[in-house]
Amino acid sequence: MIHGTHNALQDERNQSILISINDELFKREEAKISVFDSGYLVGDGVWEGVRLHDGVLVFLDQHLNRLWQASATIGMDLGMTQSELTNKVWTVLKANDMHDGVHVRIMITRGIKKTPSQDPRLTISGPNVVIIPEYKLASPDTANRGITLFTSAIRRGSPDYLDPKLNCHSKLHEVQALIQAIEAGADEALMLDINGFVSTCNATNFFMVKNGEVWTSTGQYCMNGITRKNVITLCKHHGIRVFEKDFSLYDVYGADEAFVTGTFGGLTPVIKVDGRKIGAEAPGGMTNQLTTFYSELIAQEIDRSKNV
């Protein structure tokens, strides 16, 4: 079985889910989009992944704000408000009678092209909006075992050619990094920035712990992670010294513990980097503590949303 931060428990209900394509519902095997779609042709689109917990789309405002920032960055008019997109998501969730343990993937591309081309002026439709809800619970085995990382030769790019903060459909460089890691026998890839400092992983954000301090990258060359931001906020709220700073593999190899963050898996411990064991045990004490704080934050978000 594939091991990594996106390991999910098998759920047979996903075989009969309904998927929304431009407000029309399709069975899983019938959900298709044109080969002239901008996302398929040139990776021209943006996306978000949101979790449904106990009837609440947690941190939804943060995800929608990131989506709207991404669309503004690529010059794509979504043609709707955040409230309208939220209603579209709830429509497909209600159609599937979904209430808990669900991961929702929202994908918006520039639209259908007249002919295969990069040129946005050749787009002949409005944006294509695809919403895929699936029953997905992170495998507890991943959190218990932890993951291994391999430092890829593929660097996180500079903001002046493809800003790493942009949650877009163009993910080929991350795929390349992951392939290098897999071929090296690791679960996922650790990626450096253009200056050789530790940046992020191929699909998650990286944190290390040293002498009771939590370190993560400056944020200039890493994904604009919602969970990353919330973990930093939790550290500050609970009096844990947290730093967004430049640090190298030299620091990582001597870390007391390490973990990665993401919307799907939350906090996942890292047990090895480039074959070097990290810490005495995994998950480490700080990782466990922050995982508890993060679970409490989700519970607070659910309570807040239900009491509005």
Item checked: Qualifying lysines (Cα of each under 30 Å from Cα of residue 272; at least 8 residues distant if same chain) -> 136, 165, 171, 210, 229, 236, 245
Next item on the list: Once you have the Cα-Cα distance between residue 65 and residue 3, take 0.36 nm times their residue separation minus that, and quote the gain in nm to one decimal.
Entry: 19.2 nm
Item checked: Spatially proximal aspartates and glutamates relative to residue 277 (Cα-Cα < 16 Å; intrachain offsets below 8 disregarded) -> 187, 188, 251, 256, 257
Margin query: Below 8 Å, C-alpha to C-alpha, sequence gap of six or more: please give me the relative contact order for the chain in percent.
Written below: 18 percent
Item checked: Eligible lysines near residue 114 by straight Cα distance, threshold 16 Å, same-chain separation 8 or greater -> none
Checklist line | Most to least packed among 120-129, 99-108 [average Cβ atoms within 10 Å] | finding: 99-108, 120-129
Item checked: Neighbour-count ranking [beta-carbon atoms within 10 angstrom, fewest first] of 286, 80 -> 80, 286
Next item on the list: List the residues of segment 89-126 whose backbone N lies under 19 Å from a point placed 7 Å from the Cα of residue 15 along the Cα-to-Cβ direction.
Entry: 96-97
Margin query: Order 134-140, 257-263, 247-253 from most to least packed using the mean count of other Cβ atoms within 10 Å.
Written below: 257-263, 134-140, 247-253
Check: Which helices, counted as full DSSP H runs in the chain, have an axial Cα extent of no less than 15 Å and a Kyte-Doolittle average of 0.5 or above?
Finding: 172-183
Next item on the list: Can you tell me the relative contact order of segment 185-308? Whole percent, Cα pairs under 8 Å, sequence separation 6 or more.
Entry: 22 percent
Note to self: Can you compute the label reach from residue 115? Point 7 Å from Cα along the Cβ direction, backbone N cut-off under 12 Å, restricted to segment 40-80.
What the structure shows: none
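Since every read-out is calculated from the coordinates, none of them should be taken as a lab result. None of the values given here were measured: they were computed from a predicted structure. Cβ: placed from backbone, ideal geometry, glycine included. Neighbour counts: every protein chain shown.
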